[in-house]
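Below is one structure, written out as structure tokens, with a few remarks after it.
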Amino acid sequence: VLNSHVTHGSATNYHRVFQQGMDHTAAKIDPLMVKYKVTLAIGSTHRCYERLEPPAKESVPTIITGRAGGMGWHIRTDGKPPNTASRKLSADDHYCVFEVTPEGLKLNVWNFQGQQIDTHVFKPRSK
């Protein structure tokens, strides 16, 4: 599922003009993704990389990747810890490579210097 207004990321830079779309996503889209057991949502509102694994009853695993490859900026700088659902957060310029494997949907994330930022296998959600 591609979703441009991710509601549970750690970035704090979104403009208030996006708030209505984010509220709509939280109220209408997230429950549908949970109900139909979506394996992964990909969002691009924030120009960073973040992998989120929120509680299964609230939403689905989510990748935030700025414009499908990020110009890293606007990650929380207020001293607060990232969102509790955050498993990996990076301001690096990056790109994501997805591969369907027998184990599930494999994600590798690389920065522009060739260093791996993250790797994870998303398994289908139980029915």
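The values are calculated or read from the model by the stated rules, or taken from the named source; none is laboratory data. Treat the numbers as computed from the prediction; the structure is a model and nothing was measured. Neighbour counts run over all protein chains shown; Cβ positions are idealised from the backbone, glycine included. Surface areas here come from the heavy atoms of the whole protein model, side chains and all, with no ligands, DNA or RNA. Shrake-Rupley method; radii C 1.70, N 1.55, O 1.52, S 1.80 Å.
What to note about this one:
- Ordering of 88-95, 110-117 by packing [mean C-beta count within 10 Å, highest first]: 88-95, 110-117
- Accessible-area ranking of L105, L52, L32, largest first, probe 1.4 Å: L32, L105, L52
- Proximal charge balance of P61 [Cβ under 14 Å; K/R count +1, D/E count -1]: +3
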